[in-house]
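*Asks:* Before I ask anything, let me first share the structure, which is written out below as structure tokens.
Please treat every number below as a calculation from the coordinates, not as lab data. These numbers were taken from a predicted model, which means no experiment stands behind them. Counting neighbours? That spans all protein chains shown, and the Cβs are built from the backbone with ideal geometry, glycine included.
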Amino acid sequence: MKNVFTLPLVLISFYAFLSCNAPSTQATRDNTADAIYYGGDIITMEGNSPTYAEAIAISDGKIVFVGTKADAEKLKGDSTVMNDLQGKTLLPGFVDSHGHLADAINAAGQGNISSPPVGNCSSINDIITELQKCKAENNIKDGEWIFGWGYDDTQLNEKTPPTKVELDKAFPNNPVFIRHVSGHLGVANSLALKDGHIDKNTKDPDGGLILRMPGSTEPNGVLQEMAIHHFVDIINKTFSTQQAALLNKALMNYASVGVTTAQEGFSDAQTVSFLKTSAADNKLFIDVVSLSSFLDLEKNLADTTMRYGKYSNHLKFAGTKIVADGSPQGKTAFFTQAFLTPVPGCSHDCKGFPNVTQEQLNTLFDVAYKNKQQLFVHCNGDATMDMLLAAHEHACKTNDQPLDADRRTVVIHSNFVRKDQLVKYKAYNITPSFFTNHAYFWGDVHVENLGQERAFFLSPVHTADSLGIVYSNHTDNIITPINQIFTVWTAVNRQSRSGNIIGPNERATPYQALKALTINAAYQVFDDKIKGTLTVDKLADLVILDQNPLKVEPMKIKDIMVTETIKEGKTVYKK
């Protein structure tokens with residue numbers, strides 16, 4: 001399989017749909033359009049099956065007409081720009097339903113220690129080489145921190161991460177911290193561990209684990225979940241001065257793949273401050289939705305400047321993100337059944353572990369629901385989703401609220417949700433944001449670690465759709481690269497690195513996969529009234545593709561290109 005991450009990508013196909021014109025609709029506030037688009041496949045994304053329009057017209061950053069070309073031309077004035085699509089496809093702009101803008105910015109100053117196709121590391125020695133390159137290219141002096149992002153022990157020849165031993169040998173004079181591709185684990189060398197006050201007498205933190213040398217309590221450098229927080233704080237502080245300079249490049253990367261709404265999916269206090277400043281300085285040219293850290297819930301609720309649920313200069317604070325468990329490929333996600341393969345730091349009945357207790361989760365839900373704060377909860381393992389459902393039920397009872405109120409609690413990933421849990425999602429108005437890229441990147445690993453039955457029900461789009469659940473799909477950038485077209489490809493094909501189909505019964509149709517990136521993703525952050533479909537009075541957030549995702553072979557979806565991205569009527573990217 002070619003490296004699909006070196007090129008812009010695009011959408012999907014499976015079935016050929018008959019083109020039917022959407023009924024003509026038109027805003028009445030103005031008789032002249034700024035621009036009219038016609039001459040291609042214009043997919044409105046309205047309804048449960050594809051609907052096409054011959055033309056759309058936009059004015060003052062909004063859609064003012066959707067319908068026939070002849071009727072659209074009635075809005076043509078002397079200054080109207082006529083945009084002939086020349087057979088290309090136009091859709092609503094993509095909404096990033098979960099990702100990490102701040103991590104994408106910070107990664108620019110770190111060594112890329114990812115495995116192919118994202119990086120070049122297939123061994124521990126490759127990781128050392130990339131870190132040495134990072135030190136040289138960034139002129140990092142002795143005594144200064146070296147960071148690396150993206151190691152994946154499941155793809156290394158050794159099938160194990162490096163320890164402090166390898167890092168100490170290569171970098172005796174620098175503190176080094178490298179982060180796992182999941183973002184939930186990391187490895188620190190001896191100087192870094194000393195900085196974090198982690199030694200043989202340090203106890204495991206609540207919701208975290210410090211792995212030890214064989215037959216000893218001496219840390220081997222590998223840290224899991226809450227044990228990495230000290231080092232993540234250092235990363236954020238180290239790169240905080242570079243964020244402003246790198247912001248435009250990061251946003252352009254989103255725009256180049258058709259994203260008109262990005263997400264910052266776990267914003268600590270420093271990131272919140274940076275986003276506020278960036279918005280105030282008019283540095284955001286696409287929308288950014290921020291989810292503030294659950295560690296700051298009480299403080300943020302008291303902060304009147306957060307203005308939850310409202311955009312200001314393209315920035316909206318949507319709610320609070322809770323990290324309830326860890327990584328399935330990193331074996332820290334919390335399951336009701338044990339992993340089938342050995343788990344580092346665990347000797348028996350190894351089911352992973354939660355990052356919070358049930359009592360802590362109950363309290364977070366209670367406070368959030370009482371204050372009408374939207375919750376976004378990271379859950380990968382089914383045991384964690386049992387905890388989430390219990391916390392939801394507890395909070396509704398405590399606050400005397402209906403179980404199915406329209407609060408749009410989002411379960412981020414829901415990778416290994418059970419069908420009985422999906423039934424409760426539907427009953428409780430809970431909405432999952434799936435992560436079908438796992439099928440490609442770690443599908444084979446999940447089969448080995450969890451068995452076929454659990455692995456094949458990974459991010460079950462088909463079942464969720466059949467139950468009438470509103471779901472989105474995401475890249476979790478930078479866990480996997482921001483590339484919405486590739487995400488459509490993984491949802492439709494569910495093919496692993498080795499070519500296996502991970503859960504053939506859960507494959508999405510191309511249209512379902514597109515809805516997950518447009519109207520459904522907009523719904524999850526209460527943006528469905530202004531985004532997600534080509535509808536009169538919605539924002540003119542648009543993406544133009546070189547091919548129609550509904551009319552290409554499924555395996556060729558990943559080859560579709562974004563040719564232009566338009567935010568509120570203005571082109572922000574053009575190939």
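*Asks:* Add +1 for every Lys or Arg and -1 for every Asp or Glu among the other residues with Cβ under 12 Å from the Cβ of T518, and state the total.
*Replies:* On the way: positive: K515, K531, K538; negative: E46, D96, D527, D528, D541.
Residues close to T518 contribute a combined charge of -2.
*Asks:* Could you state the number of Å between the C-alpha centres of the range 29-85 and the range 343-381?
*Replies:* After rounding, the separation between the Cα centres reads 46 Å.
*Asks:* In addition: With r as the distance between the Cβ atoms of K76 and T304 and R0 = 35 Å, compute the FRET efficiency 1/(1 + (r/R0)^6) and round to 0.05. Display every interim value, and only then the final one.
*Replies:* Details: r = 46 Å, r/R0 = 1.31.
The formula returns an efficiency of 0.15 here.
*Asks:* Exposure proxy check: K135, K531, K419, K159 ranked by fewest other beta carbons within 10 Å?
*Replies:* Details: K135 19, K531 22, K419 11, K159 8.
Final ranking by Cβ density, sparse to dense: K159, K419, K135, K531.
*Asks:* First measure r as the distance between the Cβ atoms of E218 and S122, then evaluate 1/(1 + (r/R0)^6) with R0 = 22 Å and state the FRET efficiency to the nearest 0.05. Display every interim value, and only then the final one.
*Replies:* On the way: r = 29 Å, r/R0 = 1.31.
Approximately 0.15, to the nearest 0.05.
*Asks:* Expressed as a rounded percentage, what relative contact order does the range 339-493 have, with Cα pairs under 8 Å and six or more residues apart? Show your work: numbers first, answer last.
*Replies:* Values: 209 pairs, mean separation 31.8, N = 155.
Reported relative contact order: 20 percent.
*Asks:* Shifting gears a bit: Quick one: net charge of I124's neighbours, Cβ under 10 Å, K/R +1, D/E -1? Don't skip to the answer; put the middle values down first.
*Replies:* Working: positive: none; negative: D126, D153, E158, E166.
Result for the local shell: -4.
*Asks:* Whole-Hz Karplus ³J(HN,Hα) for the range 47-59, in order, using 6.51 cos²θ - 1.76 cosθ + 1.60 and θ = phi - 60°, x for Gly and Pro?
*Replies:* My calculation for the range 47-59 gives x, 8, 9, x, 10, 10, 10, 7, 7, 10, 10, 10, 8 Hz in order.
*Asks:* Scan around F65 for amide H atoms under 5 Å from its own, H built in the peptide plane at 1.01 Å from N, and keep only partners 5 or more places away or cross-chain.
*Replies:* Answer set, sorted by chain and number: A27, A57.
*Asks:* Still on this structure, I have one more. Compute the helix-to-body angle for 437-450: its Cα long axis versus the longest principal axis of the chain, expressed 0 to 90° and rounded to tens.
*Replies:* So the helix axis and the longest Cα principal axis differ by about 40 degrees.
*Asks:* Relative contact order of the range 102-238: what whole-number percent is it, with Cα pairs under 8 angstrom and at least 6 residues apart? It would help to have the intermediate numbers written out before the result.
*Replies:* Values: 238 pairs, mean separation 25.9, N = 137.
Across the range 102-238, relative contact order equals 19 percent.
*Asks:* After finding the eigenvalues of the alpha carbon gyration tensor for the chain, what semi-axes result from the square roots of 5 times each, listed largest first in whole Å?
*Replies:* On the way: eigenvalues 312, 130, 114 Å².
Taking √(5λ) for each eigenvalue gives 39, 25, 24 Å, largest first.
*Asks:* May I pose another question? Going by alpha carbons, how many degrees (0 to 90, nearest 10) lie between the helix axis of 484-493 and the longest principal axis of the chain?
*Replies:* So the inclination is approximately 80 degrees.
*Asks:* Given 0.36 nm per residue, what is the gain on full extension from K397 to T571 after removing their alpha carbon distance, in nm?
*Replies:* Working: separation 174, 0.36 × 174 = 62.64 nm, distance 4.82 nm.
In short, 57.8 nm is gained.
*Asks:* For the residue pair I530 and K426, what label-to-label distance in nm results when each label sits 7 Å from Cα along the Cα-to-beta-carbon direction?
*Replies:* Once both label points are built, they end up 3.2 nm from each other.
*Asks:* While we're looking at this one, here's another question. Residues in the range 263-283 near a label at Q242, defined as backbone nitrogen under 17 Å from the 7 Å Cα→Cβ point?
*Replies:* Of the residues in the range 263-283, 271 have backbone N under 17 Å from the label point off Q242.
*Asks:* Shifting gears a bit: Any idea what angle helix 358-370 forms with the longest principal axis of the chain, computed on alpha-carbon atoms, 0 to 90 degrees, nearest 10?
*Replies:* Once rounded, one gets 30 degrees.
*Asks:* 5 Å is the cut-off here: which amide hydrogens, built 1.01 Å from N in the peptide plane, fall below it relative to E264, excluding neighbours closer than 5 in sequence?
*Replies:* When sequence neighbours closer than 5 places are left aside, the close amide H contacts are L101, V289, S290, L291.
*Asks:* I need to check one value: relative contact order of the chain, counting alpha carbon pairs closer than 8 Å and at least 6 residues apart, in percent. Before the final figure, lay out the partial values.
*Replies:* On the way: 1353 pairs, mean separation 119.9, N = 575.
Reported as a whole number, the value is 21 percent.
*Asks:* Pulled fully out, how much extra length does the chain show between E137 and D349, if you take 0.36 nm times their separation in residues and subtract their Cα-Cα distance? Let's see the in-between values first.
*Replies:* Values: separation 212, 0.36 × 212 = 76.32 nm, distance 4.51 nm.
Full extension of this stretch gives 71.8 nm more.
*Asks:* If you count the DSSP beta bridges with both ends in the range 102-238, what percent of them are antiparallel, to the nearest 5?
*Replies:* Numbers: 10 of 17 bridges.
Beta bridges within the range 102-238, antiparallel portion: roughly 60 percent.
*Asks:* Restricting the count to DSSP beta bridges whose residues both fall in the chain, what percent are antiparallel, rounded to a multiple of 5? Provide the component values of the computation, followed by the final result.
*Replies:* Values: 39 of 79 bridges.
The antiparallel proportion sits near 50 percent.
*Asks:* Follow-up. What's the exposure ranking of K426, K164, K276, K310, going from fewest to most Cβ atoms within 10 Å? Each step should come with its number before you reach the end.
*Replies:* Details: K426 15, K164 21, K276 18, K310 10.
So the ranking, lowest neighbour count to highest, is K310, K426, K276, K164.
*Asks:* A further question on this structure: Give the lysines reachable from K551 as a straight Cα distance under 20 Å; neighbours fewer than 8 places away on the same chain don't count.
*Replies:* Excluding near neighbours in sequence, the set is K88, K515.
*Asks:* Just grab the label-to-label distance for D204 and K249, each label 7 Å out from Cα along the Cβ direction, in nm (one decimal).
*Replies:* 3.9 nm
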